[in-house]
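Enquirer: Could you have a look at this structure, given as structure tokens, before my questions?
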Amino acid sequence: MDSVTRLGVVGCGLMGSGIAEVAAREGIDVRVAEATPDAAEAGRRRVTDSLDRGVKRGKLTEEQREQALARLSFTHYLGDLADRQFVVEAVAENRDIKIEVIRALDKAVEDPGAILATNTSSIPIVDLAVATERPGQVIGMHFFNPVPVQRLVEIIPALTTGDDTVRRTRGFAEQLGKQAVQAPDRAGFVVNALLIPYLLSAVRMVESGGARPEDIDRGMELGCAHPMGPLRLLDLIGLETAQAIAESMHEEFKEPLYAPPALLRRMVAAGHLGRKSGRGFYIYDS
Ligand code: CAA
């Protein structure tokens, strides 16, 4: 009775499109909101391309692809999420933007019992919760990239989050076929608190001329059986996202190891954001 049948997703970039895809494949009616008609169309294309790849790789049938697409709708008007029972926001990792979005969502979603979850990687959940009239129903739900592949979801209750919200969010994660771990509402939660300093150390190693990206990555892939080395992973996450997470962690803990290295800042300034821009530590075809 608690299962989610009408999901809203705000933002259809790397993470939002993955969340929307997974939910639609699990039989949920998904409405995706983007800021503009063009962004909504780009989001639709992203999800469709991923479903097409799934068919090519034999992960789903043509029929399942059609069914998933039929469950997805796209809008550039947040008011279209009025009837949603659960909404996940996955907009850019920027505190002001996220606060603005959650505030607007709080007004748009009619059911006062509906849950507003944020996919933030590092912004305090409580800051978003207190920006709404329903702080008991705001929670962190942190997915991992690529969302269709990674099985983990971190669930982050703020000090204000109700127990029932935590229980329903765990249930929703299970509905998506994910496994949940509960994390504290501190910048970085559990996974990024460990991952980001490691990734930044790899950037510093390149910056200091300590080793080439290929050698660092091969070292961790072959020596430690990581599916990809730290610089390839940074390219996958997006360098600007990694920088934003590092900045939030540095602001909270003032630990030098969380400070984004100059090379990372320069690459972001140059637009070398990783796979999404075609160039990061490596160059990508298309
Ligand atoms: N959508 C759906 N499926 C995908 C996919 C996508 N975008 N990308 C890859 N896959 C699937 C493939 O279909 C394939 O499935 P099978 O093995 O069943 O055939 C499998 O994943 C492996 O894919 P590939 O063979 O193409 O490539 P790979 O073996 O090099 O794996 C990878 C790619 C899945 C990305 C793998 O390298 C990996 O898991 N890397 C680590 C990623 C990681 O650490 N993510 C967490 C980042 S941190 C984060 O997201 C949080 C944050 O806040 C920053």
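Enquirer: If you average the alpha carbon positions of segment 132-170 and of segment 174-225, how far apart do those two centres end up, in angstrom?
Expert: With segment 132-170 and segment 174-225 each reduced to a Cα centre, they are spaced 22 Å.
Enquirer: Size of the dipole of the chain about the Cα centre, Lys and Arg at +1 and Asp and Glu at -1 on the beta carbon, nothing else charged, in debye to 20?
Expert: 600 debye
Enquirer: A further question on this structure: Quick one: how many Å² of THR160 are accessible to a 1.4 Å probe, rounded to 10?
Expert: Answer for THR160: close to 50 Å² accessible.
Enquirer: Compute the distance in nm between two label points, each set 7 Å from the Cα along the Cα-to-Cβ direction, one at ALA42 and one at ILE99.
Expert: Label-label distance for ALA42 and ILE99, simple model: 2.6 nm.
Enquirer: Quote the accessible area belonging to VAL268 in square angstrom, nearest 10, computed with a 1.4 Å probe and with ligands, DNA and RNA left uncounted.
Expert: 30 Å²
Enquirer: Taking a 32 Å limit on the Cα-Cα distance, which of the listed pairs LYS56/LYS276; LYS254/LYS276; LYS56/LYS107; LYS59/LYS276; LYS107/LYS178 fall beyond it?
Expert: Check vs 32 Å cut-off fails for LYS56/LYS107.
Enquirer: By how many nm would the segment from LEU69 to LEU222 grow when fully extended, if each residue of separation counts as 0.36 nm and the alpha-carbon distance is taken off?
Expert: That pair, LEU69 and LEU222, stretches by 51.2 nm at full extension.
Enquirer: With a 1.4 Å probe and all protein chains kept in place, how do CYS224, CYS12 rank by accessible area, largest first?
Expert: These residues rank, largest area first, as CYS224, CYS12.
Enquirer: What's the local net charge at TYR258, with K and R +1, D and E -1, over the other residues with C-beta under 9 Å away?
Expert: After counting each charged neighbour, the total is -3.
Enquirer: Where does helix 95-108 land angle-wise versus the long Cα axis of the chain, in degrees 0 to 90, nearest 10?
Expert: Its long axis makes an angle of about 10 degrees.
Enquirer: Here's a follow-up. Under the 0.36 nm per residue contour assumption, what length would be gained going from the current alpha-carbon distance of THR61 and GLU133 to full extension?
Expert: 21.6 nm
Enquirer: Follow-up question, since we're still on this one. Per the 1.4 Å probe, what fraction of the accessible area of the chain, in percent, lies on carbon and sulfur atoms?
Expert: 51 percent
Enquirer: Would you list the P(r) distribution for the chain, with all Cα-Cα distances sorted into 10 Å bins from 0 and each bin expressed as a whole %?
Expert: Distribution as computed: 7, 28, 35, 23, 7, 0 percent.
Enquirer: Give the long-range amide H neighbours of THR132: residues separated by 5 or more places, or on another chain, with amide H under 5 Å away, using H modelled in the peptide plane at 1.01 Å from N.
Expert: Here nothing satisfies the definition.
Enquirer: Right, next: From the P(r) of segment 1-102, could you give the percentage of C-alpha pairs in the tail past 24 Å?
Expert: Summing the P(r) of segment 1-102 above 24 Å gives 20 percent of all pairs.
Enquirer: So, one more: Looking only at the chain, where both bridge partners belong to it, what percent of the DSSP beta bridges are antiparallel (to the nearest 5)?
Expert: The answer is about 25 percent antiparallel.
Enquirer: Please identify every one of the trypsin sites (Lys or Arg not before Pro) in segment 10-89 that sits in a loop by DSSP and has no more than 15 other beta carbons within 10 Å of its own beta carbon.
Expert: When the trypsin sites (Lys or Arg not before Pro) of segment 10-89 are filtered for loop state and at most 15 Cβ neighbours within 10 Å, ARG57, LYS59 remain.
Enquirer: Run the 1.4 Å probe and let me know the accessible area of VAL203, rounded to the nearest 10 Å².
Expert: 0 Å²
Enquirer: Compute the acute angle (0 to 90°) between the alpha-carbon long axis of helix 37-56 and the principal axis of greatest extent of the alpha-carbon atoms of the chain; round to the nearest 10°.
Expert: Orientation of helix 37-56: about 80 degrees from the principal axis.
Enquirer: If you stretched the chain out fully between ALA92 and LEU257, how much longer would it get, using 0.36 nm times the residue separation minus the C-alpha to C-alpha distance?
Expert: Net length gain for the segment: 57.0 nm.
Enquirer: Same structure again: Find how many whole Å separate the alpha carbon centroid of segment 249-267 from the alpha carbon centroid of segment 19-53.
Expert: When both Cα centres are located, 33 Å separates them.
Enquirer: Cα-based Rg of segment 143-230 per 2.2 N^0.38 Å, rounded to two decimals?
Expert: Dividing the Cα radius of gyration by 2.2 N^0.38 Å gives 1.40.
Enquirer: So for segment 187-264, what are the equivalent ellipsoid semi-axes in whole Å, largest first, each being the square root of 5 times an eigenvalue of the Cα gyration tensor?
Expert: Three semi-axes, in Å: 21, 14, 10.
Enquirer: If you take every residue apart from ARG170 with its C-beta less than 13 Å away from the C-beta of ARG170, what net charge results, scoring Lys and Arg +1 and Asp and Glu -1?
Expert: -2
Enquirer: Turning to a different aspect of this structure: Cα axis of helix 14-25 to longest principal axis of the chain: angle in degrees, 0 to 90, nearest 10?
Expert: 40 degrees
Enquirer: So, one more: Filter the trypsin sites (Lys or Arg not before Pro) in segment 198-286 down to the DSSP loop ones having no more than 15 other Cβ atoms within 10 Å, then list what survives.
Expert: Of the trypsin sites (Lys or Arg not before Pro), the ones in loops of segment 198-286 whose Cβ has at most 15 other Cβ atoms within 10 Å are LYS254.
The values are calculated or read from the model by the stated rules, or taken from the named source; none is laboratory data. None of the values given here were measured: they were computed from a predicted structure. Using ideal geometry, Cβ is built from the backbone for each residue, glycine included, and neighbour counts are taken over all protein chains shown. Remember, those area values only see protein heavy atoms, side chains included, never the ligands or the DNA or RNA. Shrake-Rupley method; radii C 1.70, N 1.55, O 1.52, S 1.80 Å.
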